[in-house]
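To start, the structure under review is shown below, and the notes come after it.
Here, each number is a calculation from the coordinates, and none is a lab measurement. Just so it is clear, the model here is predicted, and its values are computed rather than measured. Backbone-built Cβ (ideal geometry, glycine too); neighbour counts: all protein chains shown.
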Amino acid sequence: MKNSYSNIFTFNKKILKKTIKNLNNGKVIGLPTETVYGLGGNAYSKKSIQKIFKLKGRPKTNPLIIHYYNINYAKEDVVLNKYFKKLYKKFCPGPITFILKKKKNSKIHSYASAGLNTVGVRFPKHKVARSILKEIKFPLAMPSANRSTRVSPVSAEDVYDEFKEKINLILNGGKCKIGIESTVVDLINDPKILRPGIIDKSKIAKTLKLKINNSYDQKKNRSPGMMEKHYSPGIPVLINQNKHDGKSAFIYLGKKCRNKNFFSLSKNLDLDEAASNLYKIFRLIKKKGYRKIQIGKIPNKGSGIAINDRIRRASNS
Ligand code: AMP
Ligand code: MG
């Protein structure tokens, strides 16, 4: 079934066939995952990878995450180590990306991994992504479906806002449940978190029975492409604010809403819910024509760590 946008489609068997045909032909499509919407293409195809980088305006030094149906599909391309196996068992399919060694005979195109000998792999949980990954004969290279440095999309309409008719297929899977990008964990040596997410450091440490370090707050260890300027709604963002300036949009946690300029991430102070609403509210505020966003203090625990990471980088724009 088609809706009012010419390139947004509700997922069904017929559209699955069309999707597979598009991907086999090297096309790039928009599709939902449980974290954010992705811009997916054949990870083994130079042509598809080049399209993704071009559409996004993404620097070639920023590697793409490679998405698989399950561990059996991934073992052809990457070396699976003991840490990976434990985390995979506990969290996959789900919102976590693992940095692993690329196998010598891996078919992943070197452009997708930005010439590195490591690969970021993920196993998304969303049923649309899984139905596709199960049927195709290659993994999907899939960054978030937004132009580089901008806010990630959490609905099919958001993807349309980013690329309009430049892609011919956007699959509608409703609003993303998680709403922020996956946790990225580097498993090449001692496990470390490169990008915080809903699966936080304490959950990973508990599963591996290890103390885990962060890399995202140490400039020298940051992963390639972990750009400081990112997640930008296109207007100035000020964080850790405690006083409304009277005219900007004010993002906060909790119930008390003084006037129409106030936008709550979660009325119940639930940090997972807050994370899932962040990008939706960024886009809403931009659409309403505000010139600036102020954000109150967000507790730096659990998913609050991931929220603070994203809003700090949004404020660097
Ligand atoms: P995005 O595609 O925008 O969700 O971002 C992907 C994230 O994964 C970026 O922060 C990349 O730097 C990181 N990433 C992907 N592949 C690798 C890799 N091989 N090594 C280190 N980081 C990676
Ligand atoms: Mg992204």
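Computed from label points 7 Å out along Cα-Cβ, the spacing between Ile71 and Lys247 is 5.8 nm. Subtracting the Cα-Cα distance of Ala205 and Phe262 from their residue separation scaled by 0.36 nm leaves 16.9 nm.
Give me the extension gain from Arg291 to Ser4: residue separation times 0.36 nm, minus the current Cα-Cα distance, reported in nm with one decimal. Walk me through the numbers before you get to the answer.
Numbers: separation 287, 0.36 × 287 = 103.32 nm, distance 2.95 nm.
Here the answer is 100.4 nm.
As a test of understanding, state the convex hull volume per residue of segment 161-317 from its alpha carbons, in Å³. It would help to have the intermediate numbers written out before the result.
Details: hull volume 23.3 nm³, N = 157.
With only Cα atoms used, segment 161-317 gives 149 Å³ per residue.
Listed by Cβ neighbour count within 10 Å, with the fewest neighbours leading, Thr118, Thr33 appear as Thr118, Thr33. In this rough spin-label picture, where each label sits 7 Å from Cα along the Cβ direction, the Thr61-Asn12 distance is 4.8 nm. The charge dipole of the chain, taken about the Cα centre with unit charges on the Cβ atoms of Lys, Arg (+1) and Asp, Glu (-1), comes to about 220 debye, rounded to the nearest 20. Cross-link check: pairs Lys14/Lys287; Lys85/Lys211; Lys18/Lys127; Lys201/Lys280; Lys166/Lys292 evaluated at a Cα-Cα cut-off of 22 Å; pairs beyond the cut-off: Lys14/Lys287; Lys201/Lys280; Lys166/Lys292.
For segment 162-213, the relative contact order works out to 25 percent when only alpha carbon pairs closer than 8 Å and six or more residues apart are counted. What FRET efficiency comes out for Lys164 versus Lys85 if R0 is 45 angstrom and r is the Cβ-Cβ distance? Round to the nearest 0.05. Efficiency for this residue pair is about 0.60. With helices as the sole contributors, the chain gives -8500 deg cm²/dmol at 222 nm; each DSSP H run of n ≥ 4 counts as -39500 (n - 2.57), and the sum is divided by every residue. Summing Cβ point charges (Lys, Arg +1; Asp, Glu -1) relative to the Cα centre of segment 226-312 gives a dipole of roughly 500 debye. Shape summary: segment 106-165 maps onto an equivalent ellipsoid whose semi-axes, from the alpha-carbon gyration tensor, are 23, 18, 10 Å in decreasing order. Given R₀ = 45 Å, FRET efficiency for Asn189-Asn24 by Cβ-Cβ distance, to 0.05? The formula returns an efficiency of 0.75 here.
Within straight-line reach of Lys209, meaning a Cα separation under 19 Å, sit the following aspartates and glutamates at least 8 residues removed in sequence or on another chain: Asp186, Asp190, Asp200.
Would you list the membrane-span-like helices of the chain, meaning whole DSSP H runs whose alpha-carbon atoms span at least 15 Å along their axis and whose mean Kyte-Doolittle value is at least -1.0?
Going by DSSP H runs, the hits are 13-24, 46-56, 271-287, 303-314.
Just how far, in whole angstrom, is segment 43-80 from segment 234-313 if you go by their alpha carbon centroids? Cα centroid to Cα centroid, the span is 32 Å.
Computed FRET efficiency, Cβ-Cβ of Asn105 and Glu135, R0 35 Å: what is it to the nearest 0.05?
Here the calculated transfer efficiency is 0.90.
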